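For reference, the structure discussed in these notes is given below.
Every read-out reported here was derived from the displayed coordinates using simple, explicitly stated rules and does not represent laboratory data. In this text, all values refer to a predicted model and were calculated from it rather than measured experimentally.
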Amino acid sequence: MRPKFYSEVENRTGLRLHPGTINIRCEPEAFRTIPEPSLCIEGVDEIDLTEDQYLLLGPCSIRGVRGYRILPIVRPNRKAGHDSEGIIEISLVKRLELQNCEELEVTFPDES
């Protein structure tokens, strides 16, 4: 868990995210089109300080519920988390009732 991170996100963006992430495996062709997150939040929790990482956030939504894609970056510039596996991590403002392996559509503001 990252309690300080979620507090920092709320301070910076005004969005109070539900703690935890939804890990979504993307089709390879879709993964390449996902916008890179750009809002940088310095690591403030134990896991981030130990790993010497910061987190990049990009706005998105699922079923109309707002949130952020979260991408951990280990210094100096190595993507961490599940990015190399084609999995994106999403944290939303509320918890969704989901089934394991349920197909989801993630919307990014850059999409037309």
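Structural remarks
- In percent, rounded to a whole number, the relative contact order of the chain is 28, using alpha-carbon pairs under 8 Å and six or more apart.
- Scattering curve values for the chain, log₁₀ I(q)/I(0), Debye with Cα scatterers, q = 0.11 Å⁻¹: -0.33
- Acute angle (nearest 10 degrees) that the helix 3-13 long axis makes with the longest principal axis of the chain, alpha-carbon atoms: 70 degrees
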